[in-house]
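Peer 1: For reference, the structure I am asking about is given below.
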Amino acid sequence: MGKKKFLFPLGLFCFALSGMAQQKGLLNTVNSQHVVMNNVDMDAVAWTDGFWADRFGVYKDTMILNMWNTLNDPDVSHSFRNFEIAAGKEEGSHQGPPFHDGDFYKWFEGVASVYAMTKDPKLDALMDRIIATLVQVQRADGYIHTPVNIEERKQTNRETAFDNRLNFETYNLGHLMTAACVHYRATGKRSMLDIAVKATDFLQNFYETDSVELAGNAICPSHYMGVVEMYRTTGNSDYLKLAEGLLNIRDLVENGTDDNQDRIPFREQTKAMGHAVRANYLYAGVADVYAETGEALLKDNLESIWHDIVHRKMYITGACGALYDGTSPDGTSYEPDSVQKVHQAYGRAFQLPNSTAHNETCANIGNALFNWRMLKITGEEKYADIVETTLYNSVLSGVSLDGNRFFYTNPLRVSEDFPYTMRWSKEREEYIKLCNCCPPNTVRTLCEVHNYLYSVSESALWFHTYGGNKLNTTLPDGTSITLSQVSDYPADGKVKFTVERIAGDNDISFFLRIPQWSGNVQLKVNGKPVKTDLAKGTYAGVKRAWRAGDVIELDLDMQTLLMEANPLAEEIRNQVAVKRGPLVYCLESIDVAGAYDMDDILIPADIELTPREMMIDGSPVVCLEGKAELLSHGQSWKNQLYRPVTKEKQKVDIRLIPYYAWGNRGKTEMTVWMPLSR
């Protein structure tokens, strides 16, 4: 098949940093024409106390460097050793999956994010050392992908650039670009960004000159986000044309697959389908393209897909990708040839198993990335709700409380009686040999949580979630603000803000998120109730001439709720899950008083659950204690599929813990959903 020309020209690169307004936020949307708010700078927020301050202490002091020790140990992971071999510093061959490079870049982004807050010179020196190696790996034309670079150095001709669509080259390049932008904003150094510029130029040239078949090498599309962020960082308009062209080329792929998200053109896609990680990365990247272009159809489809995910396919923890191996369209097609096997699939609407839930941590992170971008585009609270739900539950669950061990999958039930050995471990591991993509992704995401607290817009400051911190930021109108926040959120719903400094002439609006889960809400300024709309699922606006010393008090009713599911979700029908604030709770077998089977526990509809603080592996958590009901049949289910219902019940003490904290006290059984006793 002959060469095809595409929808963007290969332009001369002009590094226009001085020509664009620069922002040091996680995303730089200061020049984006189709967003309603922007990130604050990466160093604008400092954790002071409370939940996230404790977690960040573990991340910066333990998790980041422990991950480096793993990635830098060739006896455990060949991740960095592959770069050293490709640079000519070490002998050997490439080992590990082809996406090892991209996973290393994720971890590197996490290091840069921590450095933005701590300015730790040891982290700066470590990043400089790594960058020096990457410079030696990269070809003169900008191509960098260690499986190919190593074989080219050895002159074996065993690997060729973009010869195999499953080689994850664009995935790796996308994470390189994102990491480089974050490093540039955190350090002010061009060293990593220069590598990314050459790589983006290479990608632009490749897509300009090669055929549709080669252009289909876009598996796991992190590069949509990466290329758009490179445009935002450099001001090179060719990169925006490249991002649009990538989307257009994707729509031209013949014989595409749901597994790779290119079976149908995106502009025809209105439902979430296929491989959940690749789907969510695609949706986040398309949202970035919309933020720059304003193409209405892209936003319309994203909103339709969001509705399908949140109202029919997402777990209560914010997790995505229900099935280990699904089929698409999965029983809805009369054309057998159209049915495709899909790994970690979204599956059908309401198809939400618990014991076999896949819910890869990377998919859950992708869900947060997608919703964060939709929030910036629309300003609607519903997107902030999903970001918060996902971070507190199905992302935070991906790492142990000590920061050393990780989950790949995040099921909602674990039973020793389950008759299958699942592909992924029921216990967290320091290094996941089958596929270690989730740990570095979890590292970078949790090291960046402070970037999700606030946003700014013209004469306005937005508050998305809460926790003890100090903010120093400047609004687009030039008003500078220093604000302290004191809160034990999510253990408690009381939040106190103090304006420590403000410099500007305009009245400023504070938009405080009122979560959908909150009960009664109170909002006071300087001790007096504020007359404003405090409806749940909105942002409460307070506009005034703020002065240093002003105090805002927000009291969110941290009520404990029993949640039920749509009856079409058959596996959880007539069951309940417990939520308190943004946290989903679960029952571990060790928290049932007495030697009783977890499956015999019933939750009364009128159960009273009392919050109490406890320690798990050195970390404080808020548990919920109460009396449940216990079926008193005294029988085992061994060799039984059915049996008569027993009416005999007794009371039993139980303790529920936050879902993110399960699996930190040894090997246990666990369940989120429990039968309801009315």
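Peer 1: Using 7 Å Cα-to-Cβ label points, what is the Arg547/Ser484 separation (nm, one decimal)?
Peer 2: Computed distance between label sites Arg547 and Ser484 equals 1.9 nm.
Peer 1: Let me know the shape class of region 421-578, please: from the alpha-carbon gyration tensor, a ≥ b ≥ c as square roots of the eigenvalues, rounded when a/c is under 1.5, otherwise prolate if a/b is greater than b/c, or oblate. Could the numbers behind the result be given before it?
Peer 2: On the way: a/c = 2.76, a/b = 1.59, b/c = 1.74.
Since a/c reaches 1.5 but b/c is at least a/b, the shape of region 421-578 is classed as oblate.
Peer 1: Treat each spin label as a single point 7 Å out from the Cα along the C-beta direction, and report the Lys122 to Lys667 distance in nm.
Peer 2: 3.5
Peer 1: In nm, what is the difference between 0.36 nm times the number of residues separating Ser93 and Arg129 and their Cα-Cα distance?
Peer 2: Working: separation 36, 0.36 × 36 = 12.96 nm, distance 2.16 nm.
My answer for the length gained is 10.8 nm.
Peer 1: Using θ = phi - 60° and the Karplus curve 6.51 cos²θ - 1.76 cosθ + 1.60, what whole-Hz ³J(HN,Hα) does each residue of region 262-272 get, with Gly and Pro shown as x?
Peer 2: 10, 5, 10, x, 4, 5, 10, 8, 10, 10, 6
Peer 1: Same structure, new question: Based on the alpha carbons, how large is the Rg to Rh ratio for region 461-527 when Rh follows Kirkwood? Write out the running numbers ahead of the final one.
Peer 2: Details: Rg = 12.9 Å, Rh = 13.2 Å.
Result for region 461-527 is an Rg/Rh of 0.98.
Peer 1: Can you pull the Rg over Rh of region 566-678, Cα-only, Kirkwood? Kindly include the intermediate steps, with their values, before the conclusion.
Peer 2: Working: Rg = 14.5 Å, Rh = 15.0 Å.
Using only Cα positions, Rg/Rh for region 566-678 is 0.97.
Peer 1: Turning to a different aspect of this structure: How big is the C-alpha Rg of region 76-185 next to the rule-of-thumb value 2.2 N^0.38 Å, as a ratio?
Peer 2: 1.07
Peer 1: What is the calculated FRET efficiency for Lys649 to Arg423, with r their C-beta to C-beta distance and R₀ = 41 Å, to the nearest 0.05? Could you put the intermediate results ahead of the total?
Peer 2: On the way: r = 38 Å, r/R0 = 0.91.
After rounding to 0.05, the efficiency reads 0.65.
Peer 1: Going down the list Lys376/Lys470; Lys24/Lys189; Lys376/Lys496; Lys470/Lys496, which pairs span over 19 Å between their C-alpha atoms? Mind dumping the intermediate values first?
Peer 2: On the way: Lys376/Lys470 22 Å; Lys24/Lys189 12 Å; Lys376/Lys496 25 Å; Lys470/Lys496 12 Å.
Among Lys376/Lys470; Lys24/Lys189; Lys376/Lys496; Lys470/Lys496, the Cα-Cα distance tops 19 Å for Lys376/Lys470; Lys376/Lys496.
Peer 1: I need two numbers for the chain: Rg to one decimal and Dmax as a whole number, Cα atoms only, in Å.
Peer 2: 25.1, 79
Peer 1: Also, I was wondering about something else. Please list, ordered by chain and number, the residues whose modelled amide H lies under 5 Å from the amide H of Leu26; skip anything fewer than 5 residues away on the same chain.
Peer 2: Long-range HN contacts for Leu26: Met42.
Peer 1: With a cut-off of at most 10 other beta carbons within 10 Å, and DSSP calling the residue loop, which trypsin sites (Lys or Arg not before Pro) in region 562-642 qualify? Please list them. Don't skip to the end; give the middle numbers.
Peer 2: Numbers: sites: Arg573, Lys579, Arg580, Arg612, Lys627, Lys638; in loops: Arg573, Lys638.
Here the trypsin sites (Lys or Arg not before Pro) that fit, given the DSSP loop and packing criteria, are Lys638.
Peer 1: Using a simple charge model, +1 on the beta-carbon of Lys and Arg, -1 on the beta-carbon of Asp and Glu, nothing else, what dipole does the chain show about its Cα centre, in debye to the nearest 20?
Peer 2: Working: 69 positive and 87 negative charges, 149 e Å.
Taking the Cα centre of the chain as origin, the dipole is about 720 debye.
Peer 1: A follow-up question, please. For the chain, what does the helix formula give at 222 nm: sum of -39500 (n - 2.57) over DSSP H segments with n ≥ 4, over the residue count, nearest 500 deg cm²/dmol? Present the calculation step by step, with values, prior to reporting the outcome.
Peer 2: Details: 16 runs with 206 residues, N = 678.
Taking each H run of at least 4 residues, the total per residue is -9500 deg cm²/dmol.
Peer 1: In nm, give the distance between the simple-model label positions of His311 and Ala605, each being 7 Å from the Cα along the Cα-to-Cβ direction.
Peer 2: 2.6
Peer 1: Find, to one decimal place in angstroms, the Kirkwood hydrodynamic radius of region 325-451, where the mean of 1/r is taken over every pair of different Cα atoms and then inverted. Don't skip to the answer; put the middle values down first.
Peer 2: Numbers: mean 1/r = 0.0616 Å⁻¹.
One decimal place: 16.2 Å for the Kirkwood radius.
Peer 1: Let me check I've understood the local charge: for Phe266, count other residues with C-beta under 10 angstrom from its C-beta, Lys and Arg +1, Asp and Glu -1. What total comes out? Intermediate results must be reported in sequence, preceding the final value.
Peer 2: Details: positive: Arg250, Arg267; negative: Asp251, Asp262, Glu268.
Residues close to Phe266 contribute a combined charge of -1.
Peer 1: A further question on this structure: Determine the order of Glu91, Glu564, Glu629 by accessible area, beginning with the largest, at a probe radius of 1.4 Å.
Peer 2: On the way: Glu91 165, Glu564 130, Glu629 30 Å².
These residues rank, largest area first, as Glu91, Glu564, Glu629.
Peer 1: Keeping all protein chains in position, work out how much accessible area Phe202 exposes to a 1.4 Å probe, and write it in Å² to the nearest 10.
Peer 2: Rounded to the nearest 10, the figure is 20 Å².
Peer 1: Still on this structure, I have one more. Please give the per residue volume of the convex hull enclosing the alpha carbon atoms of region 499-572, rounded to a whole number of Å³. Walk me through the intermediate numbers first.
Peer 2: On the way: hull volume 9.4 nm³, N = 74.
It comes to 127 Å³ per residue, whole-number rounded.
Peer 1: Given the Cα-Cα distance of Leu252 and Ile616 and 0.36 nm per residue of separation, how much length would full extension add, in nm? Don't jump to the answer; show the numbers that get you there.
Peer 2: Details: separation 364, 0.36 × 364 = 131.04 nm, distance 5.20 nm.
Computed gain between Leu252 and Ile616 is 125.8 nm.
Peer 1: Something else about it: How big is region 576-631 in terms of Cα radius of gyration and Dmax, in angstroms?
Peer 2: Spelled out, the Cα radius of gyration and Dmax of region 576-631 are 11.9, 34 Å.
Peer 1: Please list, or write none, the lysines whose alpha carbon is within less than 28 Å of the alpha carbon of Lys651, excluding same-chain residues fewer than 8 places away.
Peer 2: Straight-line reach from Lys651, under 28 Å: Lys579, Lys627, Lys638, Lys667.
Peer 1: On full extension of the chain, what length is gained from Asn566 through Ile590, given 0.36 nm per residue of separation minus the C-alpha to C-alpha distance? List each step's numbers first, then the result.
Peer 2: Numbers: separation 24, 0.36 × 24 = 8.64 nm, distance 2.95 nm.
Gain on extension, Asn566 to Ile590, equals 5.7 nm.
Peer 1: Per residue, what volume in Å³ does the convex hull of the Cα atoms of region 246-301 enclose? Before the final figure, lay out each step's value.
Peer 2: Working: hull volume 3.8 nm³, N = 56.
Taking the convex hull of the Cα positions in region 246-301, it is 67 Å³ per residue.
Peer 1: Using a Förster distance of 41 angstrom, determine the FRET efficiency expected from the C-beta separation of Asp163 and Gln516, and round it to 0.05.
Peer 2: Numbers: r = 49 Å, r/R0 = 1.18.
That pair, Asp163 with Gln516, gives E of 0.25.
The values are calculated or read from the model by the stated rules, or taken from the named source; none is laboratory data. The shown structure was predicted, so the numbers you read here are calculated from the model rather than taken from an experiment. For neighbour counting, all protein chains shown are included, and Cβ atoms are generated from backbone atoms with ideal geometry for every residue, glycine included. For the accessible areas, the whole protein counts, side chains as well, though only heavy atoms, and no ligand, DNA or RNA atoms are used. Shrake-Rupley method; radii C 1.70, N 1.55, O 1.52, S 1.80 Å.
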